[in-house]
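Trainee: The structure under discussion is supplied below as structure tokens; questions concerning it will follow.
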Amino acid sequence: MAEVISVAELNSRVSELFSKSPNLNDIWVSGEISGLKKYPSGYYFVLKDSSSAINSAMFKSALGRLNFEPTENMKIRAFGRVGLYVPQGRYQFIVEVMEKSGLGDRYLAFEALKKKLDEEGLFDPSHKRKLPLYPRRIGVVTSQSGAVIHDIITTSASRYTADILLAPAMVQGDGAAESIVAGIQLLNKAGVDVIIVGRGGGSIEDLWAFNEEIVARAIYNSKVPIVSAVGHETDFTIADFVADVRAPTPTGAAAIILRDKSEIRSELQSYTTRLNRAMSAVLEGMKH
């Protein structure tokens with residue numbers, strides 16, 4: 001007699017088949033969002049094209065990787081896997097990464113390089129150097145005409161004084177990665193105490209030079225500590241993982257490197273007060 005199984009067992013077996021199939025895991029699917037609904041647990045929608053559709057979900061745990069608000073009828077590329085909702089025997093596409101159409105290849109390249117460099121030890125915390133407490137010369141690798149260098153100079157005006165040396169570089173487009181590498185190498189020879197490598201915000205394409213392998217290796221091989229300051233706080237690049245310190249913005253980089261003048265004055269006043277008390281105690285002891 002043939003085996004008789006429960007509905008739950010049947011669905012469990014199908015779910016296991018889905019999870020083990022290479023054709024149903026780690027795949028990119030392009031389509032259009034339809035019937036979008038947002039709940040505390042995530043987004044639920046139908047991903048469709050001209051001839052077919054599939055129920056889809058992007059759960060709360062994956063939303064941290066989302067840098068835009070999905071909307072009805074938006075065309076996207078989604079990375080994920082096919083899974084089965086066992087209680088109802090309903091299969092759906094589980095989305096781990098969602099991007100507007102055309103960005104999937106870059107994401108795959110980013111993840112592949114990140115994995116490679118991590119395995120080589122370029123992200124190892126033991127390699128990261130401490131920043132100097134009172135740097136005298138700060139090198140900056142960024143565009144000569146952008147707002148970044150202006151923001152750094154403005155921020156430094158209210159903080160501990162240091163000379164700022166700019167190594168002008170292209171920060172996006174063809175040749176940008178090579179230009180950034182040249183700037184890092186130049187400042188290594190210029191005798192600076194710390195280097196800021198950065199640019200303002202932009203799209204993934206705009207920031208891509210900071211995801212290039214040659215930039216990552218130049219940062220790792222630098223003899224001078226490097227602070228990465230690329231884009232906004234929510235932007236992450238390969239350069240951020242390799243750098244000794246990641247700053248949320250270029251302005252934040254200057255604030256991390258240079259101590260506030262009022263903080264230094266307060267600290268000096270505290271030291272002076274403690275020294276005076278110690279001297280008074282010594283003199284008082286000599287009287288007796």
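The values are calculated or read from the model by the stated rules, or taken from the named source; none is laboratory data. Not measured: the values here are computed from a predicted model. Neighbour counts are summed over all protein chains in view; Cβ atoms, including those assigned to glycine, are modelled from backbone coordinates with ideal geometry.
Residues are listed down the side, and each one gets a yes or a no for (1) surrounded by 14 or more Cβ atoms within 10 Å (Cβ to Cβ); (2) within 15 Å of the chain's Cα centre (by Cα); (3) in the same structural domain as residue 230 (by TED's automatic domain parsing); (4) of a type in the set (Ser, Thr, Tyr):
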| residue | (1), (2), (3), (4) |
| --- | --- |
| 94 | yes, no, no, no |
| 108 | yes, no, no, no |
| 119 | no, no, no, no |
| 126 | no, no, no, yes |
| 136 | no, no, yes, no |
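Trainee: Also, I was wondering about something else. Out of all the residues in the range 64-87, which are surrounded by 13 or more Cβ atoms within 10 Å (Cβ to Cβ) and not in a loop (DSSP other than H, G, I, E, B)?
Mentor: Within the range 64-87, 65, 76, 77, 78, 79, 80, 81, 82, 83, 84, 85 meet the criteria.
Trainee: Shifting gears a bit: Can you name the number of the only condition in (1) at pLDDT 95 or above; (2) part of a helix (DSSP H, G or I); (3) closer than 30 Å to residue 60 by Cβ that residue 93 fails?
Mentor: Result: residue 93 fails condition (2) only.
Trainee: Let me ask you something else. Could you check the range 133-225 for helices (runs of 4 or more DSSP H) lying wholly inside it with 1 or more residues that are farther than 30 Å from residue 67 by Cα and among the basic types (Lys, Arg)?
Mentor: 176-189
Trainee: Does residue 61 satisfy being out of contact with any strand residue (DSSP E or B) (no Cβ under 7 Å at 6 or more places or on another chain), at pLDDT 90 or above and of a type in the set (Gly, Ala, Ser)?
Mentor: Yes.
Trainee: Among the residues of the range 166-185, write down those that are out of contact with any Lys or Arg (no Cβ under 8 Å at 6 or more places or on another chain) and under 23 Å from residue 155 (Cβ atoms).
Mentor: Of everything in the range 166-185, those that are out of contact with any Lys or Arg (no Cβ under 8 Å at 6 or more places or on another chain) and under 23 Å from residue 155 (Cβ atoms) turn out to be 166, 167, 168, 169, 180, 183, 184.
Trainee: Next question, about the same structure. Determine if the range 153-160 includes at least one residue that is basic (Lys, Arg), assigned by TED's automatic domain parsing to the domain that holds residue 244 and within 19 Å of residue 246 (Cα to Cα).
Mentor: Within the range 153-160 (the criterion being basic (Lys, Arg), assigned by TED's automatic domain parsing to the domain that holds residue 244 and within 19 Å of residue 246 (Cα to Cα)), the answer is no, since none of the residues qualifies.
Trainee: Additional query: Do you know which residues across the range 226-254 are out of contact with any Ser or Thr (no Cβ under 6 Å at 6 or more places or on another chain), farther than 15 Å from residue 212 by Cβ and part of a helix (DSSP H, G or I)?
Mentor: Selection gives 250, 252, 253.
Trainee: Quick one: how many residues across the range 51-61 are closer than 18 Å to residue 30 by Cβ and surrounded by 13 or more Cβ atoms within 10 Å (Cβ to Cβ)?
Mentor: Selection size over the range 51-61: 6.
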